[in-house]
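Below you'll find the structure, written out as structure tokens, and then a few comments.
The values are calculated or read from the model by the stated rules, or taken from the named source; none is laboratory data. Just so we're clear, the structure is a prediction, and the values are computed from it rather than from any experiment. Note: ideal-geometry Cβ built from the backbone for every residue, glycine included; neighbour counts use all protein chains shown.
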Amino acid sequence: MNRRAVIALSTTGVLLSGTVGYIVWPGDSAATQAEAGPRPGQVRTVPLRTAPSDREPPQTQAPRSPKAPPAPAASPVAELPAARTGPFSMVGVSWDDPGAKLHGSVQVRTRGAASGRWSPWRTLQIDDHDAPDAGSSAERPRRGATKPLWVGPSNGVQIRVTGSGPPPAGLRAELVDPGDGPRVPQSGPGSGEQPGGAAGQSAGAAAAPAPVIVTRAQWGADESLVTGSPQYAPAAKVVFTHHSAGGNDYDCAESPAVIRSILLYHVKTNGWNDIGYNFLVDKCGTIFEGRKGGVGKPVIGAHTYGYNTGSAGVAVLGDFTGVAPSVAAQKAVARVAAWKLGLHGSDPTGRATVAGKSFNTISGHRDGVATACPGELLYGRLGAIRSHAKQWSTPAKPPIVTSITGATESKGTYYTRGALTIGWNPAAVSTYEVLLNGKVLARRNGRATWAQVKVPEGAHKLRVRARNLNGTTALSPVYPVISDVTAPVFRTAPALRVRGGAVGAKGKMPVRLTWKVTDNVRLRSLRATSPTARNFKVSATAWATSVKPGVSRKWTLLAADTLGNNTRASVTRTAALVHDQSAVRRGRWKVLTTKSYLGRRALYSKTKGASVRYAFTGRSVGLIFRRGTANGAVHIYVDGVKVATIDTKARSTRYRRIVWTKSWKRPGRHTVRIVVAGTKGRPAVVTDGIAVIR
């Protein structure tokens, strides 16, 4: 028949009859709790008594205090008056024989020291697989025990044990008071300082950098509890994850007290030499040094029975049977595992053999022995933890830039009007940073494959930096980038001038369009759009052409830079030919007629000092002569001032030749007078009119 064993906590020897018994242990008064100075941690033990299963519950019961716990729903309850115990924050149950099994359920409820209220019933986990390896003479378990449960500051307790068969002998309550110790400031996940215990094997030996670890001194370890020397394995090739199964109702500021309590329980109750875990992690992601001996060394712990040698144990504070661990805790486990494995040459996503069995290098407690630890929801996160640890232990690699859009590439330099998008291949990193001249211009998470940035005007150096979780960085090659929103500038506006050369038989007049255009970065193109289309080299400053006189024309140039910023510049001018008929003659001149002359006639003189004066309005002028072997020189006067002497001689006869030109910045009324110089042997001069730009 299924038999229920009922255990009652008692200091008075009183045993309650009935199916289930309860008792409150009277403890210290409020006055004795106010001790001077820091309180040392301690474990108070109180025996439990077994109630006979066939006893009937009492017919009358004492009145129940309003603050006493309510009766269990499943069985009759004996009421007890409220009473105080000594202060404690963690509770467990132990028994004499470490080899004996407790087949049943152990439930506790506690009374809050501050509120005086009783908690709901909670079940203690019965698990004997957190233990030193067999044959470990330094720390043989001296008692069997449940896992301890963190309940917070309390001063009352009730315990019931139910199950089949007789319970183990020597059942007793283990009430752990962590005492007063230093509290770790919780400014965020992973706060703390680098432990001095890492000395002896530097963090530089690992692929992953050492995480921040709170030292034993910082969380207040009572080193007087540890009497034996640390034991070492050749290497720690596997990290076993655990949950402390000690409850999730703790504040991160209480984490040092929780760990001090676990240390006391492992030493005083379990009989081990030190805390069993090598590292502990709280829900805020803070990593704590566990077993003494150096966090960077392969210290043999007491966490995974049969596989402690050659491994490290990381316990996350809490119970993850039905509650998922925090992201901060998962990341902390990954960081410390990556670092610890890296110290001993293990890959966080690989496998290693411990005690003849192959494991994932980051495994759960249940992978080694039959246990629910580390809880279903923490065990289910181990794949993600391995991936995170791999990333933590992998140096960043240079990003491979795949595209730069919004920019035009020319000879290895990218030209943009300001906004561009840079793309890269995905990689296992935590952050990408787009750098401009070494400064961060944009930051994207590790899943991103592009970033859009705005580049200020000027010449710059663009590159992408990959930053991994472990702090390592790698840079892409440099990409020269020029940002330009400034259009080309015509430093000299287009100007149309008469140029030397032949006036066509049909009257087409030679002209030259001049300009000067520059760009602050680089010109890409230069072309005329009117009066006709024409492409030029970007270095061009003039265009020699011919036009039909008597027609007003718009001359337009379009200059564009590499980015397409462009500028147009235009000028409207009229070309004209003035025949000799309009000239004012002085001295002896003869009219020559032939179709080769402008208007079929020209003026001829070989008399020294004979002159012809042309009056006109315009910006540019050219003198037209017939040239030949017998033609001589003339003196030229502009607006009454002699400016030049030119020779009209040529090797052969050439009609309608513009021999001399002059231009002005602004239009105006001008005169040009030619005077026969009387060149010896060839004094003849033939003038055929003038060419003018209006």
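The table that follows gives values for the structure above.
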{"quantity": "Residues within segment 291-329 that are at positive phi and surrounded by 24 or more Cβ atoms within 10 Å (Cβ to Cβ), tallied", "calculated": "1"}
{"quantity": "Hits in segment 95-112 - residues which are more than 13 Å from ARG160 (Cα to Cα) and in a strand (DSSP E or B)", "calculated": "TRP95, ARG111, GLY112"}
{"quantity": "Criterion: farther than 24 Å from THR473 by Cα and not assigned by TED's automatic domain parsing to the domain that holds ASP130 - qualifying residue of VAL440, VAL453, VAL369, VAL434", "calculated": "VAL369"}
{"quantity": "Selected residue (criterion: farthest from THR486 (Cα to Cα)) from residues of segment 557-578 that are surrounded by fewer than 17 Cβ atoms within 10 Å (Cβ to Cβ) and not hydrophobic (A, V, I, L, M, F, W, C)", "calculated": "THR574"}
{"quantity": "Sole exception among (1) outside any strand (DSSP E or B); (2) free of Cβ contacts under 8 Å to residues at least 60 places away in the same chain; (3) over 30 Å from GLY599 (Cβ atoms) for THR532, by number", "calculated": "(3)"}
{"quantity": "Matching entry among GLY345, GLY318, GLY313 (being farther than 26 Å from TRP272 by Cα and touching a residue at least 24 places away in the same chain (Cβ under 8 Å))", "calculated": "GLY345"}
{"quantity": "Test: residue in segment 331-341 that is surrounded by fewer than 22 Cβ atoms within 10 Å (Cβ to Cβ), outside the structural domain of ARG44 (by TED's automatic domain parsing), of a type outside the set (D, E, K, R) and outside any strand (DSSP E or B)", "calculated": "no"}
{"quantity": "Residue match in segment 143-154 (condition: modelled with pLDDT under 90 and in a loop (DSSP other than H, G, I, E, B))", "calculated": "yes"}
{"quantity": "Hits in segment 674-694 (condition: surrounded by fewer than 21 Cβ atoms within 10 Å (Cβ to Cβ) and in contact with a strand residue (DSSP E or B) (Cβ under 7 Å, 6 or more places away or on another chain))", "calculated": "ALA677, THR679, ARG682, PRO683, ALA684, ARG694"}
{"quantity": "Some residue of segment 156-169 being surrounded by 24 or more Cβ atoms within 10 Å (Cβ to Cβ) and at pLDDT 95 or above", "calculated": "no"}
{"quantity": "Residues that are free of Cβ contacts under 8 Å to residues at least 40 places away in the same chain and within 22 Å of GLY406 (Cβ to Cβ), drawn from segment 464-492", "calculated": "VAL478"}
{"quantity": "Single unsatisfied condition, THR421 versus (1) among the hydroxyl-bearing types (Ser, Thr, Tyr); (2) at pLDDT below 90; (3) touching a Ser or Thr at 6+ places or on another chain (Cβ under 7 Å)", "calculated": "(2)"}
{"quantity": "Hey, GLY550 in the same structural domain as PRO510 (by TED's automatic domain parsing) and either under 25 Å from ARG682 (Cβ atoms) or exposed (fewer than 15 other Cβ atoms within 10 Å of the Cβ) (or both) or not", "calculated": "yes"}
{"quantity": "Members of segment 575-611 found to be among the hydroxyl-bearing types (Ser, Thr, Tyr) and in a strand (DSSP E or B), listed by number", "calculated": "THR593, TYR604, SER605, SER611"}
{"quantity": "Check on ASP347, under 25 Å from VAL226 (Cα atoms), of a type in the set (Asp, Glu), assigned by TED's automatic domain parsing to the domain that holds ASP249 and not in a strand (DSSP E or B)", "calculated": "no"}
{"quantity": "Residue in segment 391-398 that is surrounded by fewer than 14 Cβ atoms within 10 Å (Cβ to Cβ), of a type in the set (S, T, N, Q) and touching a residue at least 40 places away in the same chain (Cβ under 8 Å) present", "calculated": "no"}
{"quantity": "Pair list, Cβ under 7 Å, 6 or more apart: segment 275-297 residue farther than 21 Å from SER224 by Cβ and not assigned by TED's automatic domain parsing to the domain that holds LYS237, other residue of a type in the set (Phe, Trp, Tyr) and surrounded by fewer than 23 Cβ atoms within 10 Å (Cβ to Cβ)", "calculated": "none"}
{"quantity": "Matching residues, segment 476-494, being loosely packed, with under 15 Cβ neighbours inside 10 Å and not polar (S, T, N, Q)", "calculated": "PRO477, VAL478, PRO480, VAL485, VAL489, ARG491, ALA493"}
{"quantity": "Subset tally (residues that are under 22 Å from GLN231 (Cα atoms) and part of a loop (DSSP other than H, G, I, E, B)) for segment 306-330", "calculated": "5"}
{"quantity": "Any hit, segment 525-542, residues being under 16 Å from ILE690 (Cβ atoms) and not assigned by TED's automatic domain parsing to the domain that holds GLY678", "calculated": "no"}
{"quantity": "Subset of segment 243-293 [among the acidic types (Asp, Glu) and under 21 Å from GLU223 (Cα atoms)]", "calculated": "GLU254, ASP274, GLU289"}
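Yes or no, residue by residue, for (1) of a type outside the set (Gly, Ala, Ser); (2) touching a Lys or Arg at 6+ places or on another chain (Cβ under 8 Å); (3) crowded, with 16+ Cβ neighbours inside 10 Å:
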site: VAL584; (1), (2), (3): yes, yes, no
site: THR594; (1), (2), (3): yes, yes, no
site: VAL612; (1), (2), (3): yes, yes, yes
site: SER620; (1), (2), (3): no, yes, yes
site: THR653; (1), (2), (3): yes, yes, no
